[in-house]
Structure formats: structure tokens, C-alpha cells
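Undergrad: Submitted below is the structure of interest, expressed as C-alpha cells.
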Amino acid sequence: MDALVEADSLYKAFGPIVAVDGISLAVRPGEVLGFLGPNGAGKSTTMKMITGFLEPDRGSAKICGHDVQTEPLIAKRRLGYLPEGAPLYAEMTPRNFLSFIADIRGIDSQERAKRIGTAVERAGLDSVLDQRIETLSKGFKRRVGLAQAILHDPTVLIMDEPTDGLDPNQKHHVRKLIREMSAEKAIIVSTHILEEVEAVCTRSVIIDHGRIVADGTAEELMRRVPYHGAVTIRIPEATEQAVREALSGHGGITAIEIVNKAKGQTDLRALPNNGKAIVSEIAALLQEKGIKVNELFVERGKLDDVFREVTAGQEGASHE
Amino acid sequence: MSELFRTTAIIAKREFAAYFATPLAGVFLIVFMALTGAFAFYIGNFFERGQADLFPFFAYHPWLYLLLVPAVAMRLWAEERKTGTIELLMTLPISPWAAVLGKFLAAWAFIGVALALTFPIWITVNLLGNPDNGVILTGYLGSFLLAGAFLAIGAFVSALTKNQVIAFILAAIVCFLFLMSGVDLVQNGLRTWAPDVVADAVSSMSFLSHYQQIVRGVVTAQSIILFVSLIVFFLFANVIAVGEKKAA
């Protein structure tokens with residue numbers, strides 16, 4: 001099937017600062033794209049251009065095949081958007097606010113109650129429907145923003161940091177919601193919480209300084225970490241030398257390094273050659289020598305490390 | 001086209017309700033009633049003049065509007081930009097014209113309500129004498145048009161900034177210049193460097209002289225066209241400003 005969201009070499013500069021420098025993306029139905037990057041990498045600016053809020057200096061964006069700049073109304077009808085910080089009209093109640101959105105979107109009176117009902121239920125807003133939005137907690141405000149974005153059951157859903165400021169339960173709820181809706185939609189979620197990407201995204205794109213620096217599934221990205229597939233062995237301190245000797249002859253291991261020493265225990269990490277699976281061989285070797293092992297596990301590599309590696313530019317690895 | 005009307009009406013409805021959702025509406029209406037009354041009765045010598053007309057009432061509207069209309073207009077766009085709701089609004093499937101027109105019409109209707117609530121003074125003058133109600137009607141028309149022109153200026157200025165105080169002050173200054181463009185203060189400054197044609201043109205756009213004519217019952221096409229075209233001009237500028245300044 002064709003891509004529902006297509007961005008083609010988007011470029012945007014604010015004065016001398018280049019915010020987005022040639023980003024191209026395609027998101028197909030069923031895909032949940034995680035949009036990652038350090039603060040100021042250009043995530044929000046890119047999303048603002050894809051949603052048609054900002055006009056790109058160069059390049060174009062299409063929603064369901066309609067250019068957001070030349071056919072804005074058709075494109076925006078198919079789009080649900082939760083802007084950064086979930087801005088809302090504070091003096092309205094969620095009920096009035098959602099009615100307003102339904103009116104604007106031209107949802108007819110029969111559909112309306114049903115659609116609002118579904119959105120309210122999905123976002124879990126029943127208890128606060130008639131409270132002014134300004135009196136709601138941050139979590140509820142975010143959910144009102146979410147309800148607004150999914151009200152018309154859009155084909156394309158774009159959310160800028162949907163779980164920012166939510167507590168762990170609320171985060172879990174929102175992620176569940178995204179997974180439930182992902183079947184026929186194309187969804188883009190920006191975040192800097194990496195566990196979120198593993199939890200909900202089918203693919204992730206990491207951007208830095210306005211450029212795409214990595215694109216792939218979480219698994220593919222994690223393979224880029226040097227110790228992907230490494231085996232960490234926790235042993236009593238005294239047996240360190242014996243372990244090193246036992247493993248020294250194994251050709252699949254390129255290096256053994258000390259990760260941590262504490263409370264009489266040592267964590268050693270054996271790095272594999274070309275990411276080959278070495279855990280069963282290590283286990284067998286150690287058993288053969290009768291070495292007692294407290295823990296043994298395979299490192300998958302963390303998305304954090306991928307993130308740090310691909311976005312560590314001149315500022316070093318100190319990005320959030 | 002019908003889609004534009006439909007969405008404009010929905011925006012206008014929401015904006016109009018937004019005025020009443022905060023204390024702003026109440027404060028504004030009370031201040032407006034109190035000041036129009038005070039000006040008419042104390043400064044305008046409504047009773048002492050011994051004439052059955054509303055000149056003392058209408059005479060002070062331009063000065064009141066100078067203060068009050070920018071206060072009504074300042075939140076229209078500056079608040080949307082400050083809170084970020086402009087991003088929500090402008091990614092809905094509406095034309096920028098629907099948003100600009102809807103907001104303007106809501107604010108204009110709000111001032112219309114304030115103006116309509118001054119009806120007791122109209123009843124009073126009819127009880128005391130036999131005024132020319134036609135002239136009073138044109139007075140209300142002139143007042144409403146002047147408010148509309150100030151409002152269009154205020155809405156445009158509001159789209160230029162996130163800061164409502166700046167929006168208020170700038171709008172008041174621009175409105176003042178348009179109001180006073182016929183008087184010596186502005187004309188003397190202008191004639192030192194601008195050719196007479198320009199100075200005359202500016203003078204002919206003076207809100208104050210056109211307003212005073214309408215209030216006296218002299219409704220000319222010129223005056224109506226001036227107010228209407230300035231409203232349209234500033235709404236156009238507003239649409240452009242909303243498109244250009246979203247990013248910042």
C-alpha cells in the first residue's frame with residue numbers, strides 16, 4: 001500500500017539557524033513511527049511542516065497523497081494532530097471543546113455523540129467532562145488533546161510527545177491506546193523516551209541537527225551498539241583470572257572487559273566477533289572448568305546507547 | 001464558500017462564548033456602561049444642554065473606544081500564540097479566513113452587545129423630549145462602524161505579538177493615529193516632509209471627522225466606504241500576519 005505520510009526533503013531555517021535540513025520520510029498504514037532526537041534536533045519543526053502548520057522553505061509534505069500546502073483542507077481532514085505541550089482552550093470544558101472540534105470537522109449530528117463518546121472513552125475523560133480545562137491536571141489535559149486528535153478517526157495521526165509529563169500509569173495507557181489504533185493508520189510519535197519506542201513503535205527514525213541519522217526497527221538500531229550480543233558474566237572476584245583463562249582460547253570472543261566490581265563480585269563482559277551468538281559456548285566452557293557463575297546474560301544493547309552514539313555530535317554525548 | 005461561512009460561524013461562536021467565560025466580559029460591559037453614562041451626563045452636560053439628542057453621548061465614544069476596543073482585541077491572536085492553541089486551530093481543516101473573520105465578528109458582536117446595552121439612554125431621551133430617532137440610529141451605526149475599524153486594527157496588531165500588553169499599546173497608538181489623522185497634531189508633523197497630496201489623503205481618512213458627520217446624521221457613501229474598506233484591509237493584513245508569524 002502507498003505511504004499515507006510522505007515528506008520530501010523538508011528544509012526549514014529560522015534566520016541563520018537551520019532547524020530541519022532535508023528530511024524525507026514515508027509512513028505506511030499500520031506503521032507507528034517513533035521520531036527521536038535530542039531537544040532542538042528539529043523534531044517539532046518537522047512535525048509542524050508535515051501537518052501544514054509551518055510552510056517549509058524547501059521540500060513538501062503529503063498526507064494521504066494531498067500536499068499540505070497546496071491542498072491544505074483535504075489533507076487536514078485526514079489528519080489528527082496533538083501539538084507539543086497539548087495546547088487547549090483553557091476556559092472551555094472538555095465536553096464543549098470536543099463539540100467545537102466536532103463542529104469544525106463537520107461531523108454530523110448522528111455521528112457526533114458516538115464519535116465524542118468513543119474519543120472520551122479511549123482517552124478516559126468521563127470523570128472530568130464538565131470541568132474547565134484550566135483546572136485539570138497535566139495528565140488529563142494531555143488526554144483531552146489526545147481525544148481531540150482521534151475524534152474524527154483520522155487516517156494519519158501525528159503526536160508530538162504524547163506522554164510527556166504523564167505518570168507511569170498514564171504513559172502505559174496512552175501507549176496501549178496507540179497500539180490499539182495502529183492497525184490501519186499511519187502514526188508518527190515524537191519522543192525522547194526511548195523505552196516508548198520499544199514499547200509502541202514499529203520503526204524509529206533518529207534525527208540530529210535537522211538530519212536523519214538512523215532509521216530502522218528498534219532491533220535493527222540496537223545492532224549498531226558495539227556490545228550488541230555481548231555476554232555479561234557475574235562471578236566471585238577471586239575467580240576472575242580462571243574465567244579469563246577459560247575463555248581466552250575461544251575464537252568468537254574479541255575482548256573481555258570489566259564492567260563493574262562490587263561486594264566481592266566482578267562483572268565481566270565478553271564481546272562477540274560480528275555479533276555472533278556466544279552465550280551457550282561460554283556457558284559450556286565455564287561449566288567444563290567447574291567455575292561457579294552467579295549470573296549470565298546476553299546484552300541486547302540499549303536504544304539509549306544507539307541514541308547517544310548517533311547523536312553525539314560536537315557537543316559530545318551529553319544530550320538528554 | 002458555504003464551508004467558509006460554516007466554519008467562520010463556528011469559530012465566531014466559540015470566540016464569543018470565550019469572552020463570557022472569563023470576567024473580561026462583565027468588567028468590560030460595566031466599565032463601558034459606566035463611562036458612556038458618566039461622559040454623557042457629567043462632561044457632555046446631557047441635561048443642562050436642554051436638547052433632545054444624544055450628541056453628548058456619542059461624542060465621547062471615540063475616546064472610550066481608544067481604550068476599550070484594543071482591550072477587547074488584544075487577546076484575539078496574542079493569546080493563541082502565547083498558549084500555542086494557534087497550532088491546534090491552524091491545523092484544523094479551516095481556511096485562515098474563517099479564523100480571522102470568525103474572531104473579528106465575535107469581538108464585533110461583543111461590542112455590539114455593549115452598545116445595545118446603552119438603550120436606557122435612548123429611552124431616557126425619548127421620555128424627556130422628541131429626539132430625531134433617525135439621527136440616533138445613524139449615531140449608533142457610526143459608533144459601531146468606528147468600533148469595527150478599531151477592532152480590525154487591534155486584531156491585526158494582536159497577530160503580530162505573543163504579548164497582550166504590547167498588542168494593547170500598539171493597537172491604541174495606531175487607532176489614535178487613524179482617529180486623529182485630520183487634526184493639527186498629526187497634520188503638522190506630516191506636512192513638514194510629505195507632499196500635500198499625501199497629507200490631504202491622510203486627512204480625508206480621519207476617523208474622527210467621518211464619525212462626527214455620521215453621528216450628526218450625515219451618512220455619506222465616502223464615510224461608509226472608508227470604514228468598511230479599512231476593516232477589509234486590516235482583515236487581509238491579519239490573514240497575512242497569521243500566516244507569516246506562526247513560526248516565531
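Undergrad: Can you pull out the residues in region A:231-256 that are in contact with a Lys or Arg (Cβ under 6 Å, 6 or more places away or on another chain) and at pLDDT below 80?
TA: A:246, A:252
Undergrad: Answer with yes or no whether residue B:100 is in contact (Cβ under 8 Å) with a residue 24 or more places away in the chain, more than 14 Å from every other protein chain (Cβ to nearest Cβ) and closer than 19 Å to residue B:217 by Cα.
TA: No: the conditions fail for residue B:100.
Undergrad: All but one of (1) buried (at least 21 other Cβ atoms within 10 Å of the Cβ); (2) free of Cβ contacts under 8 Å to residues at least 24 places away in the same chain hold for residue A:79; state the number of the condition that does not hold.
TA: Checking residue A:79 against (1) buried (at least 21 other Cβ atoms within 10 Å of the Cβ); (2) free of Cβ contacts under 8 Å to residues at least 24 places away in the same chain, the one that fails is (2).
Undergrad: Looking only at region A:181-207, count every residue that is at pLDDT 90 or above and charged (D, E, K, R) and tell me the total.
TA: Of the residues in region A:181-207, 2 are at pLDDT 90 or above and charged (D, E, K, R).
Undergrad: Taking residue B:72 as meeting all but one of (1) away from chain A (no Cβ under 14 Å); (2) over 14 Å from the mean Cα position of the chain (by Cα), write down the number of the exception.
TA: In the conditions (1) away from chain A (no Cβ under 14 Å); (2) over 14 Å from the mean Cα position of the chain (by Cα), residue B:72 misses (2) alone.
Undergrad: Would you be able to say whether some residue in region B:162-170 is out of contact with any Ser or Thr (no Cβ under 8 Å at 6 or more places or on another chain), aromatic (Phe, Trp, Tyr) and touching a residue at least 60 places away in the same chain (Cβ under 8 Å)?
TA: Yes, because at least one residue in region B:162-170 is out of contact with any Ser or Thr (no Cβ under 8 Å at 6 or more places or on another chain), aromatic (Phe, Trp, Tyr) and touching a residue at least 60 places away in the same chain (Cβ under 8 Å).
Undergrad: Assuming residue A:127 fulfils every condition listed in (1) within 11 Å of another protein chain (Cβ to nearest Cβ); (2) surrounded by fewer than 20 Cβ atoms within 10 Å (Cβ to Cβ) apart from one, which condition is it?
TA: (1)
Undergrad: Return the residues of region B:109-142 that are touching a Ser or Thr at 6+ places or on another chain (Cβ under 8 Å) and not in a helix (DSSP H, G or I); say none if nothing qualifies.
TA: Passing the criteria: only B:118.
Undergrad: Follow-up. Do you know which of the residues in region A:1-56 that are of a type in the set (S, T, N, Q) and out of contact with any Lys or Arg (no Cβ under 7 Å at 6 or more places or on another chain) is farthest from residue A:187 (Cα to Cα)?
TA: To start, the set of residues in region A:1-56 that are of a type in the set (S, T, N, Q) comprises A:9, A:24, A:39, A:44-46, A:51.
Now drop any that are not out of contact with any Lys or Arg (no Cβ under 7 Å at 6 or more places or on another chain), which leaves A:24, A:39, A:44, A:46, A:51.
Values: A:24: 16, A:39: 21, A:44: 15, A:46: 14, A:51: 12 Å.
Going through the qualifying residues, I end up with A:39.
Undergrad: Name the single residue, out of those in region B:10-25 being facing another protein chain (nearest Cβ under 9 Å) and either in contact (Cβ under 8 Å) with a residue 40 or more places away in the chain or surrounded by 14 or more Cβ atoms within 10 Å (Cβ to Cβ) (or both), that is farthest from residue B:88 (Cα to Cα).
TA: B:21
Undergrad: Look at region A:16-59 and say how many of its residues are of a type in the set (Lys, Arg), touching a residue at least 60 places away in the same chain (Cβ under 8 Å) and surrounded by fewer than 24 Cβ atoms within 10 Å (Cβ to Cβ).
TA: Counting residues in region A:16-59 that are of a type in the set (Lys, Arg), touching a residue at least 60 places away in the same chain (Cβ under 8 Å) and surrounded by fewer than 24 Cβ atoms within 10 Å (Cβ to Cβ) gives 1.
Undergrad: In region A:90-108, what residues are at the interface with chain B (Cβ under 7 Å from one of its Cβ atoms) and either among the basic types (Lys, Arg) or buried (at least 22 other Cβ atoms within 10 Å of the Cβ) (or both)?
TA: A:105
Undergrad: Which pairs do you get when a residue that is assigned by TED's automatic domain parsing to the domain that holds residue A:242, found in region A:254-278, comes within reach of a residue that is surrounded by 11 or more Cβ atoms within 10 Å (Cβ to Cβ) and hydroxyl-bearing (Ser, Thr, Tyr), reach meaning Cβ atoms under 6 angstrom, with the pair 6+ apart or on two chains?
TA: Pairs that qualify, where the first residue is assigned by TED's automatic domain parsing to the domain that holds residue A:242 and the partner is surrounded by 11 or more Cβ atoms within 10 Å (Cβ to Cβ) and hydroxyl-bearing (Ser, Thr, Tyr), are A:267/A:232; A:269/A:232; A:271/A:227; A:271/A:254; A:273/A:254.
Undergrad: Please work out if residue B:41 is more than 11 Å from every other protein chain (Cβ to nearest Cβ), closer than 30 Å to residue A:70 by Cβ and not aliphatic (A, V, I, L, M).
TA: No.
Undergrad: Taking strands (runs of 3 or more DSSP E) that do not extend beyond region A:20-136, which have at least 3 residues that are out of contact with any Leu (no Cβ under 8 Å at 6 or more places or on another chain)?
TA: A:32-36
The values are calculated or read from the model by the stated rules, or taken from the named source; none is laboratory data. None of the values given here were measured: they were computed from a predicted structure. Quick reminder, even Gly has a Cβ in these numbers, built from the backbone with ideal geometry, and neighbours come from all protein chains shown.
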